Amino acid sequence: MVLLALFVAAVPPLAGQYENLNPDASSRYLIFLGTSALVLALWAISYNLMLGYTGMVSFAHAAYFGVGAYALALIFKRYQLPFFVALAAAPAVGAIVGLITGLVALRAVRLYFSLLTLAISQLLFSIVFQWYDFTGGDNGISITLPDQLNDYTTLYYFTAAVVVVCLLLMFVIVRSPFGAALLSIRENRDRAASIGINVRAYELAVYTVASLFAGVAGGLFIMYQQQAYPEMLYWTANAQPVVVSLLGGTSTFLGPAVGALIYVALDNAIAKQFPYQFDIILGAIVLGVVLAVPGGISDAPSVFLRLRERFHRGEKAEAPAAESTGEAIRMIDVRKALESEAIQAEAVHSGKMLLRLENLSKRFGGLRAVDDVSLEVRQGDRHAIIGPNGAGKSTLFNLITGRLKPSAGKVTFDGREITGKPPHVIARTGIGRAFQITTIFPKLTVRQNLQYAMLAHGGYTMRPFGVANRMFRNEAQELVEAVGLGPWADLPAGQLSHGDQRAIEIAISLALGSKLVLLDEPTAGMSAYETDKAMELVRRLATERHLTLLFCEHDMAVVFTTARTITVMHQGRVLTAGTPDEIRRNPDVQKVYLGELEEEELGA
Ligand code: ADP
Ligand code: MG
């Protein structure tokens, strides 16, 4: 930021010097280039709020940039309102158009979202292009600046001031709890919803905010170009912020600004000599940068450091994943856990009803994946659902957590009906889950995984100010240590071993203060050693934190050492339910399911 401010201040004097030394160069032209670099930087950083921070690829961002420029021109020229009113209208109109069209675009996700933005962009372009009487059609619209701003150096400083203020505002936003919610969405939409984030609402919010800043950039653009034209809105114009972001780096806040400077410099250097080959040369450069430094130019120093480190450490360097394996067990005092478990076991039957499913069904076309299932989970219970592959266990979990809407039936949790509610609402009522395929925020650190869950749970993620990484830091650290991952708190979660990622998932549920934790095959894909440790961790946490567990599991040894109640499912229906002893003796169960297994695996 400081560097940027210095750079901004340095351009006009340098340009003046340059003119003195080199009579061919015009300082006016250099300052013009400086202005365009600043505007491009603002536009690209606003685009990167979506691309880099939220993981959304929009083809309509140029349209809001154009809308901002036209808004200023039309209000100033056509309606003869004061210039600063027109300037203030640029972001306002950009945001309003962004909000309305964003509502349409966000009917869809990912690729389909991108396609909808493409359609919106073409629609806005056509309006501007064809509404000749109002917008001037393909002639565009030109303005003359008021006298105070008509000097190019003054205009440069004015632009710089507006850009710096906007960048500061965006910087505050990306560091805030709101920014944390955006990062969680980028990392994993499903997981974000299951920590209680209303993904669509946040996407719409960031889309609108990005349109607002694009509107500012558009307003500044027309001030130095003194001309707006329909091509500004054309969908191919989006290539500019995308290229600039990729060039500079999407993972750092100022990356796109660095990209913008390089872009303008290149444009100036190449386009004069090879006007027709500019796109090809630029394409080759971008490709080279993306291949050599995937994080963009602004990531180059860290790539260099990493290379140097590897060079120095040579073979000694080892993936942290291998070290982290198995740490969890060292923290566990098994005997203590078992003692308090014995005391708790008594309490289950008197515990109050926490979760009740009544005649729950889910059909996929003709297939009854879940068929008229009723079951009850009492507070403090450890309830296992077993059954062969395809029995409907995962589907049942998806019905409970709101990922799927039931075809029929009712789900009551903690005295409240939650049937068919969206996942983020259900997460907030106190149901945490670990997915069958481990689902965490891989690029966030282990601690951030938990911190952001706590922020979402506490309802802080709507705040666009404050520093997310400083909030709940100690609480998250404590929890990281409780699940035995203390030494890896600052590593990206995706670098940990499979077993430890499971531990993070469970810790996320704890961070959400979940009363009920759903585990879908918690030990799938783990070695016997990892399985033992993971389940010891689960049992210990359940005991210490008075959790209720509902889990499904293939490994019968795990089921019979952990469960206090077992429900057997087969072909979508409940076959029977009871205590582990009852299930073990039930002849139907043995026939359908346990018959396939070895006697000793039952632990009998
Ligand atoms: P389990 O977790 O017990 O192995 P699932 O709940 O994953 O079983 O699946 C139950 C049945 O529902 C399977 O036959 C599966 O193929 C089917 N199924 C699951 N999800 C879908 C879906 N989204 N669309 C269609 N069929 C599905
Ligand atoms: Mg399953």
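Throughout, read-outs are computed from the coordinates displayed, never taken from laboratory work. These figures come from a predicted structure and were not determined experimentally. For neighbour counting, all protein chains shown are included, and Cβ atoms are generated from backbone atoms with ideal geometry for every residue, glycine included.
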Problem set entry | Cα Rg, Dmax, segment 481-534, angstrom units | 11.4, 29
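What stretch of the chain, leaving out the sites themselves, is the longest with no GluC sites (Glu not before Pro) in a DSSP loop having at most 12 other Cβ atoms within 10 Å? Don't jump to the answer; show the numbers that get you there.
Details: sites that count: 318, 598.
Result for the longest clean stretch: 1-317.
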Exercise. Using Cα pairs under 8 angstrom and six or more residues apart, how large is the relative contact order of the chain, in percent?
Worked result: 16 percent
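Given the convex hull of the Cα atoms of segment 2-233, what is a quarter of its surface area in nm²? Before the final figure, lay out the partial values.
Working: hull surface 54.8 nm².
Quarter of the Cα hull surface area: 13.7 nm².
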Problem set entry | Theoretical gain in end-to-end length, residue 582 to residue 80 [0.36 nm per residue, Cα-Cα removed] | 172.3 nm
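Roughly what % of Cα-Cα distances in segment 191-234 sit above 17 Å, to the whole percent? Please list the in-between numbers first.
Working: 486 of 946 pairs.
So the pairs more than 17 Å apart make up 51 percent of the total in segment 191-234.
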For this session: Measure up 352/443; 352/533; 410/515; 443/533 against 28 Å on the Cα-Cα distance and list the ones that go over.
Result: 352/443; 352/533
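Just to confirm the filter: which trypsin sites (Lys or Arg not before Pro) across segment 24-133 are DSSP coil and have at most 11 other Cβ within 10 angstrom of their Cβ? Provide the component values of the computation, followed by the final result.
Working: sites: 28, 77, 78, 107, 110; in loops: 107.
Hits after loop and neighbour filter: 107.
Grab the Cα-Cα distance for residue 277 and residue 251, subtract it from 0.36 nm times how many residues apart they are, and report the gain in nm with one decimal.
Working: separation 26, 0.36 × 26 = 9.36 nm, distance 2.94 nm.
Value of the extension gain: 6.4 nm.
May I ask you to compute the full-extension gain from residue 119 to residue 284, defined as 0.36 nm times their residue separation minus their alpha-carbon distance, rounded to one decimal in nm?
Numbers: separation 165, 0.36 × 165 = 59.40 nm, distance 2.86 nm.
Full extension from residue 119 to residue 284 adds 56.5 nm.
How big, on average over all directions, is the shadow cast by the Cα convex hull of segment 334-595, in nm²?
Projected over every direction and averaged, the Cα hull of segment 334-595 covers 14.5 nm².
Let me check against my output: what whole-number percent is the relative contact order of segment 451-556, with C-alpha pairs under 8 Å and at least 6 apart? It would help to have the intermediate numbers written out before the result.
On the way: 93 pairs, mean separation 27.4, N = 106.
Across segment 451-556, relative contact order equals 26 percent.
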Exercise. Label points 7 Å out from Cα along the Cβ direction at residue 544 and residue 477: separation in nm?
Worked result: 1.7 nm
Exercise. What residues have an amide H closer than 5 Å to that of residue 570, excluding those fewer than 5 places away on the same chain, when H is modeled at 1.01 Å from N in the peptide plane?
Worked result: 575
For this session: Name the long-range amide H neighbours of residue 355: under 5 Å, sequence gap of 5 or more, or other chain; modelled H, no Pro or chain starts.
Result: 377, 414
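At most 12 other Cβ atoms within 10 Å plus a DSSP loop assignment makes a site exposed; report the longest stretch of the chain without any exposed chymotrypsin sites (Phe, Trp or Tyr not before Pro). Can you show the working numbers first?
Numbers: sites that count: 79, 131, 276, 465.
Longest gap between qualifying sites, sites excluded: 277-464.
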Exercise. Where the convex hull is taken over the Cα atoms of the chain, what is its projected area averaged over directions, in nm²?
Worked result: 33.3 nm²
